[in-house]
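Everything on this sheet refers to the single structure shown next.
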Amino acid sequence: MTRFEGEIIVNREISPAWNLLGFAWPPGKAPPLPGQFFTFLPRGVEYGESALLRRPLAFAWHDGSRAYSIFQAKGPGTKSLARRRVGESIDVIAPLGNSFPDPDSGERSVLAGGGIGIGPMLFLAARLKEAGRDFTLHLGFRTKSQVPEIGLDALDREVSRAKLATDDGSLGFQGTVIQAVARDKDESCADAHLFACGPKPMLAAAAALADEWNAQAHVSVEQWMACGVGACNGCVVPAADGGYLRACADGPVFSSRDLSWEQ
């Protein structure tokens, strides 16, 4: 990992729910992998709004000279990021965490992204496409208006090919993204490897579905982080065999069987 100032190349709203950030990647630096993340230092937030803490964001794409993330401007840190202008720079530490493993030969990859977990799944889908691997991509949203037009060809192609689910049924399957994956059981469960990123209830459902299929599952957890580098233990998640694992340093990608979903 390296700390650097990345010049902002693009920073715009791409749907009512999503913003796209792109920043320059240092020449010669190893590129991020699907599942990894970075932290940025907020600027322009009000006193008392945790301005000293870095914020984590997942990578959604890397094209060789630029890195991208899809984020929601909800708290003071991400709202301050959304106000940053092209040509300004952001203080970045990257790449952080581990990445999704390569599927085994003969496995069919089933990808599921929900909420702010869509970015890593689009990144993984694009990389699997480049490698000529077989996969199915499912994306879940609350409603049709939240489906983003990203403006990056590699990711927009995956959105256009994805099987979509919306909570209100305004587009695609009505229900959760894991319910949509389960509906495709006959197509997906044979020699499947499930990859998922999203909120905890979604990941718990993905883990249960993988157990039902007797399939491997790897999940990227969403967790509040303070340091992002494993020093503070502020982002721990319960481990299946007792104790805790750090989302930032031991993860954020875990085998679903390594985590306890009952706590």
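Within the span defined as the range 88-103, one or more residues are more than 21 Å from residue 227 (Cα to Cα), at pLDDT 95 or above and buried (at least 16 other Cβ atoms within 10 Å of the Cβ).
Every listed requirement among (1) among the aliphatic types (A, V, I, L, M); (2) within 30 Å of residue 227 (Cα to Cα); (3) part of a strand (DSSP E or B); (4) out of contact with any Lys or Arg (no Cβ under 8 Å at 6 or more places or on another chain) is met by residue 122 save one, (3). Restricting attention to the range 1-19, the residues being open to solvent by 60 Å² or more (accessible area, probe 1.4 Å) and not in a strand (DSSP E or B) number 2. Taken as a whole, the condition of being of a type outside the set (Ser, Thr, Tyr), closer than 28 Å to residue 143 by Cα and modelled with pLDDT of 90 or more applies to residue 57. Taking (1) among the aliphatic types (A, V, I, L, M); (2) surrounded by 13 or more Cβ atoms within 10 Å (Cβ to Cβ); (3) closer than 30 Å to residue 193 by Cβ in turn, residue 30 satisfies each apart from (2). Residue check: residue 201 meets all listed conditions (1) over 25 Å from residue 260 (Cβ atoms); (2) in a helix (DSSP H, G or I); (3) free of Cβ contacts under 8 Å to residues at least 12 places away in the same chain; (4) not polar (S, T, N, Q) but one, namely (1). Only one entry in 69, 99, 105 is hydroxyl-bearing (Ser, Thr, Tyr), under 20 Å from residue 222 (Cβ atoms) and in a loop (DSSP other than H, G, I, E, B), namely 99.
Exactly one residue out of 22, 35, 64 is touching a residue at least 24 places away in the same chain (Cβ under 8 Å), part of a strand (DSSP E or B) and among the small types (Gly, Ala, Ser), and it is 22. Residue count for the range 105-120 under the criterion of being closer than 13 Å to residue 60 by Cα and open to solvent by 60 Å² or more (accessible area, probe 1.4 Å): the result is 1.
Taken together, 241, 250, 168 contain a single residue that is part of a loop (DSSP other than H, G, I, E, B), out of contact with any Cys (no Cβ under 9 Å at 6 or more places or on another chain), within 19 Å of residue 37 (Cα to Cα) and open to solvent by 30 Å² or more (accessible area, probe 1.4 Å), which is 250.
Would the range 121-141 turn up any residue that is open to solvent by 20 Å² or more (accessible area, probe 1.4 Å) and in contact (Cβ under 8 Å) with a residue 40 or more places away in the chain? Looking for residues that are open to solvent by 20 Å² or more (accessible area, probe 1.4 Å) and in contact (Cβ under 8 Å) with a residue 40 or more places away in the chain, one finds at least one in the range 121-141, hence yes.
The values are calculated or read from the model by the stated rules, or taken from the named source; none is laboratory data. What you are looking at is a predicted structure, and each value in this text was computed from that prediction instead of being measured. Here the Cβ is made from the backbone with ideal geometry for all residues, glycine too, and neighbour counts use every protein chain on show. Ligands, DNA and RNA are stripped out before the accessible areas are found, and what is left, the full protein with its side chains, is counted by its heavy atoms. Shrake-Rupley method; radii C 1.70, N 1.55, O 1.52, S 1.80 Å.
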